[in-house]
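Trainee: Supplied in structure tokens, the structure appears directly below.
The values are calculated or read from the model by the stated rules, or taken from the named source; none is laboratory data. The model shown is predicted, which means the values in this text are computed figures rather than measured ones. Every residue, glycine as well, gets a Cβ built from its backbone with ideal geometry; the counts of neighbours run over all protein chains shown. To get the accessible areas, we keep the full protein, side chains included, count just its heavy atoms, and leave off ligands, DNA and RNA. Shrake-Rupley method; radii C 1.70, N 1.55, O 1.52, S 1.80 Å.
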Amino acid sequence: MKALHMLSIALAATISAPAMASSLPPLIPMPAQITPQQGTLNIANGAAIALPEGDSGAQTAAKLLIEKVAKDRGLTLATGAKGVIHLIRDASLPGDEAYRLEVTPKGVTLAAKGDAGLVYAAMTLAQLLSPDAHIGAPVRLAAMQIADAPRFKWRGVMLDTARHFMPISAIQTTIDQMAAHKLNTLHLHLTDDQGWRVEIKRYPDLTRIGAWRTPPSAGGAPGEKVGGFYTQEELKALVAYAAQRGVTIVPEIDLPGHAQAAVAAYPEIGVLGARPEVSHDWGINPYLFNVNDHSVTFIKNVLDELMAIFPSPMIHLGGDEAIKDQWQRSPEVQAKMKALGISSENAMQSWLIDQLGAYLADHGRRLIGWDEILEGGLPPRPR
């Protein structure tokens with residue numbers, strides 16, 4: 001959809017320095033350092049995993065390792081006091097996502113300082129334990145030492161749940177795949193012309209009306225409405241699920257454009273007063289949020305509930321593809337621009353983004369958006 005999205009995927013494809021990957025295809029991620037050692041180690045059904053007592057992060061990493069190996073290899077691992085696989089903490093490692101993995105003829109050691117590092121070490125071991133299609137067969141591991149840490153801080157995937165609603169289970173599957181590939185940021189696109197997917201308790205019509213659209217018709221009777229939304233409790237549980245796997249969810253509420261579903265629910269936050277249908281069309285639609293006090297307060301109230309769901313330090317406010325026809329035709333918007341000394345509609349968008357960025361900053365968050373938020377000039381306040 002956006003060049004920035006594609007760049008996020010491209011950067012995520014190689015998460016660590018490909019020190020040994022010169023003869024491999026460029027998009028195969030390799031650990032930063034692999035050092036072969038002498039000997040081998042057999043891992044079979046019943047192999048035990050030992051971990052520090054009372055370490056919840058290590059318990060989570062062990063659970064994920066057990067599940068992944070059972071699914072991919074058909075081997076049953078279990079936690080135990082005398083394990084052949086050991087999870088330990090190492091405060092000397094550089095950052096919470098770094099890890100060290102060592103295979104010797106006596107066992108496997110997974111070491112990390114942070115919880116995410118232990119998860120990534122577990123996922124690397126799961127890969128090593130699935131070298132072929134011999135489901136259920138023991139695996140002979142070559143002795144080695146792996147030292148790994150990510151090259152890129154943001155390793156992202158975007159899901160557009162606004163245009164294509166996905167059940168929570170499908171998002172969880174994506175998060176599982178992200179953890180397996182050591183991706184750490186899920187950009188969740190929650191609102192657009194075609195649907196509003198996040199429950200906002202202060203404004204229930206955003207989901208009662210805005211979450212559902214009538215599919216296009218070829219001339220017959222209209223079909224049943226399609227769509228759906230996520231309750232706040234569902235999203236809080238999803239945030240916790242992702243956090244256990246080292247994934248931060250960054251929510252996106254798109255504005256001032258891509259607002260047709262929101263305006264369908266609450267026409268008074270739009271520009272011209274009309275109540276459109278939630279869109280079933282693709283492309284760029286004309287409906288915008290107004291910039292009057294009522295609309296800005298409405299958006300801030302939405303952000304209050306959004307921040308209570310998502311602890312991410314960044315909140316995405318879109319800003320893309322906001323054609324300004326309605327603002328140009330609105331006497332109210334034009335009067336606001338004149339009162340503020342703003343000479344263009346792009347600069348009006350910059351003013352709105354600045355107001356919301358300041359509001360997020362006051363709540364300890366940082367605004368992020370598509371590159372069009374720069375078209376009216378950089379907001380004056382530092383972020």
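Trainee: Could you state the accessible area per residue of the chain in Å², with a 1.4 Å probe and every protein chain left in place?
Mentor: Averaged over the residues of the chain, the accessible area is 45 Å².
Trainee: Return the Rg/Rh ratio of region 58-138 with Cα-based radii and a Kirkwood Rh.
Mentor: Rounded to two decimals, Rg over Rh is 0.97.
Trainee: Another question, if that's okay. Just to verify a number: what accessible area does Ile85 come out at with the full protein assembly present, 1.4 Å probe, Å² rounded to tens?
Mentor: 0
Trainee: Now a separate question. Rounded to the nearest 0.05, what FRET efficiency is calculated for Thr173 and Gln355 with R0 set to 25 Å and r the Cβ-Cβ distance?
Mentor: Approximately 0.10, to the nearest 0.05.
Trainee: May I ask you to compute the full-extension gain from Ala339 to Ala240, defined as 0.36 nm times their residue separation minus their alpha-carbon distance, rounded to one decimal in nm?
Mentor: Answer, rounded to one decimal: 31.1 nm.
Trainee: Let me ask you something else. Roughly speaking, to the nearest percent, how much of region 99-194's 1.4 Å accessible area is carbon and sulfur?
Mentor: 56
Trainee: By accessible area of protein heavy atoms, probe 1.4 Å, what ranking do Met314, Met348 get, highest first?
Mentor: These residues rank, largest area first, as Met314, Met348.
Trainee: Ok, one more. Could you run the Karplus curve 6.51 cos²θ - 1.76 cosθ + 1.60 with θ = phi - 60° over region 150-165 and give me ³J(HN,Hα) per residue in whole Hz, x for Gly and Pro?
Mentor: So the Karplus estimates, Gly and Pro as x, are x, 6, 10, 6, 9, 10, x, 10, 10, 10, 9, 8, 6, 7, 10, 5 Hz.
Trainee: Expressed as a rounded percentage, what relative contact order does the chain have, with Cα pairs under 8 Å and six or more residues apart?
Mentor: After rounding, I find 12 percent.
Trainee: Please compute the Cα-Cα pair-distance distribution of region 280-383 with 10 Å bins starting at 0, giving whole percents from short to long.
Mentor: All Cα pairs, binned at 10 Å, distribute as 14, 46, 34, 7 percent.
Trainee: Kirkwood Rh, region 132-229, all Cα pairs: how many Å?
Mentor: One decimal place: 17.3 Å for the Kirkwood radius.
Trainee: Quote the convex hull volume per residue of the chain, based on C-alpha atoms, as a whole number of Å³.
Mentor: Expressed per residue, the convex hull around the Cα atoms of the chain is 172 Å³.
Trainee: Could you work out how far apart the two model spin labels at Lys201 and Ala308 are, taking each label as a point 7 Å from the Cα in the direction of the beta carbon, and quote it in nm?
Mentor: Label-label distance for Lys201 and Ala308, simple model: 0.5 nm.
Trainee: Grab the beta carbon distance between Ala133 and Arg329, set R0 = 51 Å, and tell me the FRET efficiency rounded to 0.05.
Mentor: Result of the calculation: an efficiency of 0.25.
Trainee: Rounded to the nearest 5, what is the percent of antiparallel bridges among the DSSP beta bridges in region 24-114?
Mentor: 40
Trainee: Under the rule of -39500 (n - 2.57) per DSSP H run of 4 or more residues, summed and divided by the residues of the chain, what mean residue ellipticity at 222 nm is obtained, to the nearest 500 deg cm²/dmol?
Mentor: Dividing the helical sum by the residues of the chain leaves -10500 deg cm²/dmol.
Trainee: Grab the Cα-Cα distance for Asn42 and Glu224, subtract it from 0.36 nm times how many residues apart they are, and report the gain in nm with one decimal.
Mentor: In short, 59.9 nm is gained.
Trainee: Just to verify a number: FRET efficiency for Phe152 and Leu374, C-beta to C-beta distance, R0 = 25 Å, to 0.05?
Mentor: Step by step, r from the Cβ atoms, then E = 0.65.
Trainee: Where the centre of each part is set by its Cα atoms, how far does region 241-262 sit from region 130-187, in angstrom?
Mentor: 20
Trainee: Distance between the C-alpha centers of region 31-95 and region 353-370? Whole Å please.
Mentor: So the separation of the two Cα centres works out to 41 Å.
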